[in-house]
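The values are calculated or read from the model by the stated rules, or taken from the named source; none is laboratory data. Values in this document were obtained by computation on a predicted structure and should not be read as measured data. Heads up, the Cβs are rebuilt from the backbone with ideal geometry, glycines too, and the neighbour counts pull from every protein chain shown.
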Amino acid sequence: MSYTDELVARRQAIVADMAPTVSTAFGAHAVFAADPDAPETARRVEEIVTTTFGAQSDSPFAVAQMGCFDPFGAMFLYCRWQEQMNQATRDHIQHVMTHNVHGRGNTENHWLMHYTAQLLAAERFTDADTWWNGQPREVFHAEATRWILGTIDRTVRIGHHEYDSTDYHGWHVLPMIALADHAADATLRQRAADMASLLIADMALEYFKGGWAGGHAREGYRENTHTSVGCSAALLYLYFGGPTFGPRQAQQQMAPALTSFYQPPDMLAAIANDREQPRLVKKTKAPRNIFRHVVDDAQPVRKTTYTSASFALGTTQLGLPGAPAGPIDLVSWDLTWEGPDHEAKIVSCHPYVDTGRFSAFLSELPQDIGRGVPAAKPFLQFADRLYGASPYEQMMQHESAAIILYRIPADDQHPFVNLYLPRSTTWRHQGNVLFGDTGTCYVMIHLIGCSRWDSVRDAHFIDGWFVRLRGDGVGLVIEAAERTDYDSLAAFADAFDSGAVDLSNWPGKKAGQHQVGYTTLAGAHLHMTYDGTHQVNETPIDYAAWKLYDAPEASAEMNTGVIRLAHKGEALELDFGVDAQRPLMPMRVIG
Amino acid sequence: MYAANDQGKFERLGAYQFRVTALTGSGTRVLAATGSGLWEVREDRWVQLHDETLTEVMDVIDTGPTMIAASAYGVAFGTVDPSGVPHWDWLSDDLNVNQRFTNAIVRLDDTRLLAGTEGGVLIHHATTGWSTTSLTSPVRCLLRSGDGYLAGANDGLWASADGQHWRPTGVTATVYALTANEDVVVAGSEEGVLVSAAGSPWCAAGLPGLRVTALALSATDAGLWYAGGVPGGLWRTTDHGQSWVAVPEVHIEVESIFAPGGRQ
């Protein structure tokens with residue numbers, strides 16, 4: 001069966017599953033796809049759109065300020081299915097798009113949806129000379145075009161800003177698909193199609209059996225012990241298939257991808273599902289936006305993700321400029337394998353809390369924002385958290401091994417690290433070392449510092465063991481291996497030399513001398529200095545020389561806008577035609 | 001945004017839900033600095049004055065054709081061309097992170113700007129660019145007062161004759177808002193409203209325990225003041241701050257109050 005046939009089959013199956021219960025403009029794509037020409041289809045979509053999109057305010061002004069999700073959903077629906085819609089639906093969407101107040105939000109995916117919806121609307125509702133924001137329609141169309149092209153330009157030169165987000169990546173992919181299918185300008189359509197392919201390639205390179213391995217700018221809130229997370233789970237299944245199908249794989253909000261004309265290149269699914277050889281992927285992503293409480297700008301993010309036949313280990317160099325910079329839903333590293341929620345992840349986190357953390361990237365008063373943000377999302381302050389960046393966390397990785405270190409000030413509100421371990425893994429405890437049989441792979445964890453076992457259960461979000469590491473200078477060394485390479489867990493444990501982990505300089509006597517060494521099962525020697533260099537076999541890792549993409553299947557130099565994908569004799573070049581001398585458009589959003 | 005009607009009752013003004021951080025009126029128009037850019041507030045609708053580079057606007061000066069915006073990403077000069085296209089030129093790109101984040105701006109003279117930033121007070125000269133001053137703590141508000149300047153900072157209220165050299169005033173609470181009417185200067189602070197008349201020492205003028213983040217004084221009634229607070233509320237006094245009454249219609253966070261004819 002060809003990839004196109006597979007994709008069509010999955011699309012049809014998801015549409016059939018979703019269509020009967022659809023309640024949003026996004027899901028309405030599935031309603032039309034299921035039975036596009038039936039009269040009741042148009043009436044049902046009219047009801048969905050008129051009741052969920054642009055609800056009128058009870059204020060004397062009778063218009064409501066819109067967010068950015070609904071207008072994008074409605075405009076994508078209008079563009080794709082306007083011939084099948086009835087006139088009432090078309091009129092309603094046009095009225096709301098041209099008369100209501102539209103907010104552009106405060107994250108990169110918000111702005112992308114906002115500008116995409118506005119651009120598509122401005123190209124269609126041409127009898128509105130003055131746009132809802134009081135500007136001439138052409139002026140706002142030009143602004144939307146500049147921002148969208150500027151975002152593409154930035155992404156292909158210095159990396160995606162809101163990078164590899166399990167929860168929000170779909171809100172980057174869908175706008176690009178909408179533009180690829182429906183923008184008026186041929187160049188923009190081509191750029192958007194290539195950008196959609198690049199964003200899907202980002203998923204393919206780190207796809208692992210239904211999930212997305214490694215570090216993420218934003219993980220689904222409280223969901224990072226799940227094996228498939230957020231809206232990306234739906235796109236991963238649609239484009240690459242997967243071991244399970246359920247509500248996460250059939251999300252209404254991703255339904256526009258089920259009926260798009262755009263289809264990703266066949267090669268991406270082949271890359272995603274190729275487990276014949278271990279794959280090491282190195283990526284550079286754009287710096288985090290930290291706009292106060294520090295002097296220096298954040299540095300680029302550098303990711304390392306290693307996927308083998310049975311597990312995936314990913315880590316991140318965050319490039320943060322120091323406390324209190326700590327993006328709130330970032331996940332820096334994890335080890336994952338195939339399995340049910342809570343049972344196939346190992347991750348650690350210092351649940352850093354500081355009021356300055358919020359005001360480092362939100363402009364509300366620093367004195368007030370510590371109460372403001374957690375009021376809506378109290379879990380961002382939880383002591384049992386497993387997400388959110390800590391300025392005191394540092395790490396290095398070499399293939400299937402990593403060193404994760406923390407130097408947490410004694411007066412920190414949460415002076416400990418949460419290390420999450422699945423309950424169903426068979427754990428063998430030898431001194432400070434844990435050996436685990438996950439059922440599909442083996443894992444060694446050398447605990448650094450005082451540790452104490454605990455149990456954690458947070459609704460349906462987290463359910464497993466915690467090993468809590470306390471003190472100044474804690475962390476872990478972790479290495480995973482194929483289960484087929486050893487006769488038993490005991491044999492795996494015996495493979496480690498008793499001196500494999502060198503803590504003789506941890507903690508060191510002074511700054512710049514806090515060091516941990518580790519010799520891997522394959523004999524590579526890792527040497528990590530906290531606040532210093534990371535070495536493999538005495539050669540420092542030169543993060544400054546990191547490429548945009550560096551993997552067997554993907555390569556790109558920084559600031560070129562040319563990404564080359566290759567797999568088993570096939571090749572694909574995405575050339576975005578950038579001018580490397582042109583200043584980058586500033587990215588002034590959260591991401 | 002809320003506005004008082006003829007009966008003094010405040011009503012919600014339009015559907016706009018943007019966080020309003022500053023309001024300014026030039027006599028011909030009212031500008032609203034918001035967390036989502038800069039807008040001209042008209043009777044029928046708000047007109048967008050920002051482009052894709054301007055957001056998180058913290059303060060604004062309107063000089064007619066030119067607008068000066070203070071934002072989380074620095075200071076920018078803006079104009080709108082005859083076809084309605086806004087253009088913004090950025091001044092702060094070479095500053096460090098804290099110095100870029102500008103909470104307040106005041107004109108020193110025709111060529112110099114005073115900028116209150118997270119990295120202290122800076123001066124921008126049209127030809128020589130940025131220079132630092134003696135005040136380096138995070139600044140929340142600025143005011144030209146008499147022959148000199150006041151800066152409300154995280155570590156209190158500071159005064160300067162030239163914008164370059166700053167001295168403490170004795171107020172140590174964080175000051176978020178400053179305004180004046182003739183010889184009366186009023187400050188909104190972490191500990192309520194403070195007042196100084198004719199150069200006298202600062203003293204409390206009500207609302208102790210409220211973080212006062214916005215102030216306005218009536219241009220026609222010397223005793224009529226408004227104060228806005230965080231976490232919320234708009235308060236009114238008619239007796240120079242001896243007693244305050246909450247405006248029941250407004251219970252959201254108030255970060256800016258505009259009194260036509262008065263100073264903000």
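For A:Met176, the conditions (1) surrounded by fewer than 24 Cβ atoms within 10 Å (Cβ to Cβ); (2) farther than 30 Å from A:Pro340 by Cα are fulfilled apart from (1).
So, of the residues in the stretch B:67-81 that are within 18 Å of the chain's Cα centre (by Cα) and not small (Gly, Ala, Ser), which turns out to be farthest from the other protein chains (Cβ to nearest Cβ)? Within the stretch B:67-81, the match that is farthest from the other protein chains (Cβ to nearest Cβ) is B:Ile68. Of the set (1) modelled with pLDDT under 95; (2) within 14 Å of chain B (Cβ to nearest Cβ), all apply to A:Met585 but (1). The number of residues in the stretch A:274-305 that are over 23 Å from A:Arg157 (Cα atoms) and within 14 Å of another protein chain (Cβ to nearest Cβ) comes to 4.
Scanning the stretch B:90-99 for residues that are in contact with a strand residue (DSSP E or B) (Cβ under 9 Å, 6 or more places away or on another chain), away from chain A (no Cβ under 14 Å) and either over 16 Å from B:Asp59 (Cα atoms) or at pLDDT 95 or above (or both) turns up nothing. Considering A:Ser348, A:Ser308, A:Ser359, which residue is in contact (Cβ under 8 Å) with a residue 24 or more places away in the chain, within 14 Å of chain B (Cβ to nearest Cβ) and of a type in the set (Ser, Thr, Tyr)? So the residue among A:Ser348, A:Ser308, A:Ser359 that is in contact (Cβ under 8 Å) with a residue 24 or more places away in the chain, within 14 Å of chain B (Cβ to nearest Cβ) and of a type in the set (Ser, Thr, Tyr) is A:Ser359. When A:Ile93, A:Ile148 are screened for being within 10 Å of another protein chain (Cβ to nearest Cβ) and closer than 24 Å to A:Asp181 by Cα, only A:Ile148 passes. Listed here are the helices (runs of 4 or more DSSP H) enclosed by the stretch A:15-118 that have at least 2 residues being surrounded by fewer than 21 Cβ atoms within 10 Å (Cβ to Cβ), free of Cβ contacts under 8 Å to residues at least 60 places away in the same chain and of a type in the set (Asp, Glu): A:39-52. One residue stands out in the stretch A:96-133 among those that are among the small types (Gly, Ala, Ser) and within 14 Å of chain B (Cβ to nearest Cβ): the one that is farthest from A:Thr151 (Cα to Cα), namely A:Ala128.
Under the condition of being assigned to a loop (DSSP other than H, G, I, E, B), touching a residue at least 12 places away in the same chain (Cβ under 8 Å) and surrounded by fewer than 22 Cβ atoms within 10 Å (Cβ to Cβ), which residue from the stretch B:184-206 is farthest from the other protein chains (Cβ to nearest Cβ)? The residue in question is B:Ala198. Figure legend. Inter-residue proximity from the stretch B:3-17: first residues away from every other protein chain (no Cβ under 12 Å) and in contact (Cβ under 8 Å) with a residue 40 or more places away in the chain, second residues in a loop (DSSP other than H, G, I, E, B) and of a type outside the set (A, V, I, L, M, F, W, C), beta-carbon distance below 7 Å, spacing 6+ or different chains. Indicated pairs: B:Lys9/B:Glu249; B:Phe10/B:Glu249. Listed conditions (1) surrounded by fewer than 23 Cβ atoms within 10 Å (Cβ to Cβ); (2) within 14 Å of chain A (Cβ to nearest Cβ) are all met by B:Gly148, apart from (2). Listed by first and then second residue, the pairs with beta-carbon distance under 7 Å, at least 6 apart or on different chains, first residue in the stretch A:170-189 and at pLDDT 95 or above, second surrounded by fewer than 24 Cβ atoms within 10 Å (Cβ to Cβ) and of a type in the set (Ser, Thr, Tyr), are A:Ile177/A:Ser260; A:Ile177/A:Tyr262; A:Ala180/A:Tyr262; A:Asp181/A:Ser260; A:Asp181/A:Tyr262; A:Leu188/A:Thr145. Flag not set for A:Gln277, criterion: surrounded by fewer than 24 Cβ atoms within 10 Å (Cβ to Cβ) and within 20 Å of the chain's Cα centre (by Cα).
Against the criterion of being among the β-branched types (Val, Ile, Thr), at pLDDT 95 or above, buried (at least 16 other Cβ atoms within 10 Å of the Cβ) and over 24 Å from A:Ile478 (Cβ atoms), A:Ile541 does not qualify. Scanning the stretch B:27-52 for residues that are part of a strand (DSSP E or B), more than 8 Å from chain A (Cβ to nearest Cβ) and at pLDDT below 95 yields a total of 2.
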